[in-house]
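Working notes, structure below.
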Amino acid sequence: MITQRTVERILDTAQIEDIVSDFVTLRKRGANLLGLCPFHTEKTPSFTVSPSKNLFKCFGCGRGGDSVKFLREHEGFSYPEALRYLAAKYQIEIEETQEQRKDDPEEQLKDQLFVLNQYTRDFFAQQLFESEDGRQLGLSYFKERGFREAILKKFDLGFAPIGGTTLTNQAVQDGFRPDILQKAGLSTSQHRDFFRERVMFTIHGLSGKPVAFAGRLLGKTVKGPKYINSPETPIYHKSNVLYGLYFARQSIRKEDNCYLVEGYTDVLSLVQGGIENVVASSGTALTPEQIRLIKRFTSNLTILYDGDAAGINAAMRGLDLVLEQDMNVKVVLLPDGSDPDSYLGELGPEAFQTFLKENSRDFILFKTSQLLQASKDDPVARTEVIKEVVRSIARVPDPIKRGEYTKVCAQVLQVDESMLVAETNRMVSADMAKDRKDKARQELRENREPDQQVTGSPSIPEAPRRLPTQEMDLVRVMITGGDKLIQVGEETTTVANYLLSNLEEEVIQEFNSPLLRAVMEMASAQLRSDAPLTPQFFLQSDREDIRDLAIGFLSPDYQYSDNWEERYQIVLHTQRMPDDNFARDAQLALQRFQLHRLDQMCSVNAQRIKEAYDTGDEPLYLHYLKFQQELQALRNSIADQDLNTVILK
Ligand SMILES: [Zn+2]
């Protein structure tokens, strides 16, 4: 386990803006930085990074937290993994104890998969450069294609041996469990290697960690598809990854453009030829997630097509998705029969770059002329072309851009512009109606209990279970201001001490929410050991739910968002409080809690009075009646308390 001292050093050193900007392009906005949220789809940025608070917060989807939280949500790291990443970035030495951390099994699995993938990446590389088969088959394949050793090493290329069990046996011998090898997709259920006699491409996540592998068959002894990929695992979701993006992102940002190619080797060739802003969608059609990934770094996408007409038409259809994301899409068509790899080799890097610049064309115009050419003079086919073009234009969210496209395309298609406008508008409103319907359907699905999904009939969702407001309020004050000094009568004390000295141990034990009870117990223990009760103390808790709770309370400018209510299922009555009002806030929270508690006791006791009366047990009836009066007196005295007795120091 990483020592608390190291954790503190890491969290003190890590600057949220450094961490986030490795993944998201941020722009300065006042004291904060603003960017497009990596966690939800948005067109105008609401993802805010506050350097002074060292926290991030999205006002769109409500996600927020510190550097560790960002890495965990974004990269799927476990808590220790995120700490290690930060430590490496800031060159902080990690102190560790032998004690094992009690992580949840899912986290542990992710950690194990990352470690195993790192091991495997090194194993494949070693096979490529050092084994005889690797050198003869793998290395010679890469060398024939003109790849230099530097690029092979940079992109972590490797070789999967022919044997069939080499990796599996070696990994097990080195202490990896067979079931983890299977879960990573590296071994089959028969304990054989999944990748055999293939040159291997390491697929990196945005943080540079190996998340998966792809292998290209060399086809001497093994049969099978030319390319195979790791299966989906807890750390690898195909639709969320673009090959090469980890290496390309700085250059994409600098050039404000991203080249998209089809194959892994196309990426390698272009990078080797000096074009670094290039990614591949690795065999699958471009997904909306991948488009959003690119959009974080640029709004300009240039797609390189191999010069084969049949492929182009199929590929173009998927691109309407890109238009929807409000990206500027350009297309470069390579001469018939060549791919980026071969054409770059033919022209040489400089001429190739010039070729790209001179031949990139706007996607919609390209599509229009492409279709027009195919339809020639066939009037029926022409109508189809118009519809197809309109479909693309309708996808463009910006009405001004849409207008420009309509104008130009009308000219190219030689049709009346007003006809094209009418057709586009019809399509846009049809799309909008469909979106609304989809959204309604989605909401219905989300509100339904899982076991009701099959019946298909909508049901009224149950009210969500809510955390008790008064308990929540106490905990909020404890976390945000526990260490603040306040004046109570003659005495100066901390907010935490004030709250805890007014709450008996058994009252805390009666807290309805186990989470909130745990926070109070933690605070109480910390206070007894005379340690300071800073917000950091809660932010660094080894319980994730407590860290999340603290992050929610401490997020920049956003103490009480709607989303926050949803997340913790509470209703907030209080408004945002000024930072300097801890004394009053503490007293109000305590008072509300006590009043609520007394109200509850009163209603329980009222039931007892009724029961005693019904059964005719007069002594008991009088006893409860008297108790009720005492409760009410106490309640009134608390309600009447002068809130100004606590003065801010
Ligand atoms: Zn968001």
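Quick notes on this one:
- When residue 97 is tested against (1) of a type in the set (Val, Ile, Thr); (2) under 30 Å from residue 397 (Cβ atoms); (3) more than 13 Å from the ligand (Cβ to nearest atom), exactly one condition is not met: (2).
- Residue match in the range 141-159 (condition: of a type in the set (Ser, Thr, Tyr), under 16 Å from residue 216 (Cβ atoms), loosely packed, with under 15 Cβ neighbours inside 10 Å and not assigned by TED's automatic domain parsing to the domain that holds residue 346): no
- Flag if residue 301 is closer than 16 Å to residue 333 by Cβ and modelled with pLDDT of 90 or more: yes
- Identity of the residue in the range 21-47, over 19 Å from residue 253 (Cα atoms) and polar (S, T, N, Q), that ends up modelled with the lowest pLDDT: 41
- Count of the range 113-133 residues which are at pLDDT below 95 and buried (at least 20 other Cβ atoms within 10 Å of the Cβ): 2
- Listed here are the strands (runs of 3 or more DSSP E) enclosed by the range 135-254 that have at least 2 residues being touching a helix residue (DSSP H, G or I) at 6+ places or on another chain (Cβ under 6 Å): 158-160, 198-204.
- Condition check for residue 16: within 16 Å of the ligand (Cβ to nearest atom), surrounded by 22 or more Cβ atoms within 10 Å (Cβ to Cβ) and on the phi < 0 side of the Ramachandran plot: yes
- The combined condition, being at pLDDT 85 or above, crowded, with 23+ Cβ neighbours inside 10 Å, at negative phi and in contact with a Phe, Trp or Tyr (Cβ under 9 Å, 6 or more places away or on another chain), is fulfilled by residue 267.
- Residues in the range 41-52 that are within 16 Å of residue 322 (Cα to Cα) and either of a type outside the set (Asp, Glu) or in contact with a Ser or Thr (Cβ under 7 Å, 6 or more places away or on another chain) (or both): 41, 43.
- Counting only helices (runs of 4 or more DSSP H) that sit completely within the range 345-418, those holding 2 or more residues that are under 35 Å from the mean Cα position of the chain (by Cα) and more than 25 Å from residue 266 (Cα to Cα) correspond to 379-395, 399-413.
- Count of the range 88-112 residues which are at pLDDT 80 or above and part of a loop (DSSP other than H, G, I, E, B): 6
- All of (1) buried (at least 23 other Cβ atoms within 10 Å of the Cβ); (2) touching a residue at least 24 places away in the same chain (Cβ under 8 Å) hold for residue 209 with one exception: (1).
- Breaking point among (1) touching a helix residue (DSSP H, G or I) at 6+ places or on another chain (Cβ under 8 Å); (2) without any contact (Cβ under 8 Å) to a residue 60 or more places away in the chain, for residue 396: (2)
The values are calculated or read from the model by the stated rules, or taken from the named source; none is laboratory data. Here the structure is a predicted model, which means the values were calculated and not measured. Neighbour counts are summed over all protein chains in view; Cβ atoms, including those assigned to glycine, are modelled from backbone coordinates with ideal geometry.
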